[in-house]
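Beneath this line is the structure, given in structure tokens, with notes to follow.
What follows draws every value from the coordinates through simple rules; no lab data is involved. Since the model is a prediction, treat every value here as computed from it, not as a measurement. Ideal geometry is used to build each Cβ from the backbone, glycine not excepted, and the neighbour counts take in all protein chains shown.
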Amino acid sequence: MSMKINSNLLTPEQVKKEYPLPYKYKRIKEQRDKEIRDIFEGKDDRFILIVGPCSADREDAVIEYMTKLGQVSEVVKDKLMIIPRVYTNKPRTTGAGYKGMLHQPDVDKAPDLSEGIIAIRKLHINAIEASGLTCADEMLYPANLAYLDDLLSYIAVGARSVENQQHRLTGSIADVPVGMKNPTSGDLSVMINAIKAAQSSHQFIFRSQDVTSSGNDLSHVIMRGAVDKHGVCHPNYHYEDLMEILNIYKQSDLANPAVIVDTNHSNSNKKYKEQIRIAKEIMHSRKYNPELKSLVKGLMIESYLEEGCQPITDDRIYGKSITDPCLGWEDTKKLILDLYEAC
């Protein structure tokens, strides 16, 4: 085979033993997982905000951000369930570019996956300590879920992964909500089939073992917009788009119908400031139609300490995204408070 083995990685059991989740944080996760499940099951009408950097590129800036987010969460927690976005591995369309902290725990050094596995586990634990909130991450590599499964309260499957069988089947073993994004083509049937797969039981290979999953009844829709063959973005957050998903759910036998709307990516055409307007439009649609209020459970918002994005250079700005552009903290805080008032 045309490859070179760099090293043998630690097993999830070894990493969890070396970097365990303290008991007091286990209790926080148990409680938050229950509350989040209640929201998806319609027993709790709080609105979810999955908010944070496009990519968690450095621990100090991410932890500062999480501290601020935790403080705001205390103010709005009676109406909003904030789930910090701590995305530690990034899909790259061509394979080039920054692939996240998992690959490169120090942006200024060469990739080191062994150190990256440790770095992302420590980051998620420290994020809970800083914010008092358990977090979300993207499942880019299904086998790696075992390194973080005891820490995460939400998992996203990206637009380029949603057609992959291993992602779908691994979603069926998770104990927390797994959001399936529509593919970049915008084909909603692909996303719905992924949800059906994740909500079902399967026998399959997971980390060299023959396993049987119980199915995940909290797998659900994430609307992120689409790109046509000419490279033009087409949003799918408008009222008519949400009604289409509502009707698809009504015609299906899927459990716990739910939609999370990604306010960035192809919905905003990566014009990050548009996230503010998009979020408010969705709140208007929910208020206008009670069925949509029940269906649309929350938003994904990309946000960091500083607005915009930047290339990876020696004079990088602290707390500014090195991947997709994000809202800055002040705009984010104001938006969260505005959404709180709109609930």
Exercise for review: Considering Cα pairs under 8 angstrom that are at least six residues apart, work out the relative contact order of segment 151-303 and quote it in whole percent.
Suggested key: 19
Check your understanding: A96 versus M1, label points 7 Å from Cα toward the beta carbon: distance in nm?
Key -> 2.7
Check your understanding: Where the centroid of each part is defined by its Cα atoms, how far is segment 48-105 from segment 239-307 in Å?
Key -> 19
Practice item. Could you calculate the FRET efficiency of Q203 with K293 from 1/(1 + (r/R0)^6), where r is the beta carbon distance between them and R0 is 41 Å, rounded to 0.05? Key: 0.60
Study note, to complete from the structure: Pseudo-spin-label distance D60 to S252, built 7 Å along Cα→Cβ, given in nm, is 4.5
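Any of K90/K181; K90/K271; K99/K297; K17/K77; K250/K280; K24/K333 with alpha carbons more than 21 Å apart? Name them for me.
Numbers: K90/K181 15 Å; K90/K271 19 Å; K99/K297 29 Å; K17/K77 33 Å; K250/K280 25 Å; K24/K333 28 Å.
Cα-Cα > 21 Å for K99/K297; K17/K77; K250/K280; K24/K333; rest within.
Work out how much length Q166 to D338 would gain on full extension: take 0.36 nm times their residue separation and subtract the Cα-Cα distance, in nm to one decimal.
So the chain would gain 58.0 nm between Q166 and D338.
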Check your understanding: In nm, what is the difference between 0.36 nm times the number of residues separating K77 and V211 and their Cα-Cα distance?
Key -> 44.5 nm
Exercise for review: Rounding to the nearest 20 debye, state how big the charge dipole of the chain is about its Cα centre with +1 on each Lys and Arg Cβ and -1 on each Asp and Glu Cβ.
Suggested key: 180
Review point. What's the local net charge at D253, with K and R +1, D and E -1, over the other residues with C-beta under 15 Å away?
Key: +1
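Convert 4 °C to kelvin, take the viscosity as 1.567 mPa s, use the Kirkwood radius over C-alpha pairs of segment 220-343 as Rh, and evaluate the Stokes-Einstein diffusion coefficient in µm²/s, rounded to a whole number.
Values: Rh = 15.5 Å.
Answer, rounded: 83 µm²/s.
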Review point. Where a Cα-Cα gap under 15 Å defines reach, which aspartates and glutamates qualify for K34, not counting those fewer than 8 residues away within the same chain?
Key: D44, D45, D150, D175, D217
